[in-house]
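Accompanying notes for the structure given below.
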């Protein structure tokens, strides 16, 4: 290996290492780097793949893509706060429609748990110099001990990126995903940061905006949504904040 190759390899390793630190739902410059590597992998436009990309981001060849097994069984995945990256293809859950397959296959799991990825939050555009290059989706792993039972939120998180401007990926489209196990300490820190940011925003708004007297009685708070889990529906999961349990 030449000195130039070593420099490029170390640069890619450092870049993906920085990506491991980006574990929140907010977009950061590292998000674009993953989209850039995906573009190089598929040869999009004039993009070329990094010479060492396959050593750091393996491609999962299984028909079920990243859903062929539980994330803890994926190569290189650990529960130490680090992330693992994978190229894989998406597939539709049904022969009609565009709903994606997110149910985890049970081939390596001896338990009867029903496990699936559930998309959370909005799909976010990944921009470069004002131009949209791709999109980012965040998913959380849920499990249920029996069919029809209330699903439980786990600490497994996946950030999935695909190219283009369409919110939904095409059947068989190559995407890149980052998988990590988020500790409860990390989750608590992020909730505290988000709460502090919201508090600062409210204080700023109160300081610059005149108060308007209330002219009507406020509506009572809505009841928390009940959790619903349907084995036949890949996305039919609704969980209120009070119902969430981490494992």
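Listed values, structure above:
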{"item": "Positions within segment 161-184 being more than 16 Å from residue 132 (Cβ to Cβ) and within 11 Å of the chain's Cα centre (by Cα), in sequence order", "result": "176, 177, 178, 179, 180"}
{"item": "Residue in segment 123-130 that is touching a residue at least 12 places away in the same chain (Cβ under 8 Å), surrounded by fewer than 14 Cβ atoms within 10 Å (Cβ to Cβ) and on the phi > 0 side of the Ramachandran plot present", "result": "no"}
{"item": "Any hit, segment 65-81, residues being surrounded by fewer than 17 Cβ atoms within 10 Å (Cβ to Cβ), in contact (Cβ under 8 Å) with a residue 40 or more places away in the chain and part of a helix (DSSP H, G or I)", "result": "yes"}
{"item": "Residues being in contact (Cβ under 8 Å) with a residue 40 or more places away in the chain, assigned to a loop (DSSP other than H, G, I, E, B) and farther than 13 Å from residue 119 by Cβ - total across segment 148-169", "result": "5"}
{"item": "Of all residues in segment 45-63 being assigned to a loop (DSSP other than H, G, I, E, B) and at pLDDT 90 or above, the one that is surrounded by the most Cβ atoms within 10 Å (Cβ to Cβ)", "result": "57"}
{"item": "Residues of segment 84-106 satisfying the condition of being at pLDDT below 90 and over 26 Å from residue 145 (Cα atoms)", "result": "95, 96, 97, 98"}
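The values are calculated or read from the model by the stated rules, or taken from the named source; none is laboratory data. The structure presented is a predicted model; accordingly, all values stated were derived computationally and were not measured. Using ideal geometry, Cβ is built from the backbone for each residue, glycine included, and neighbour counts are taken over all protein chains shown.
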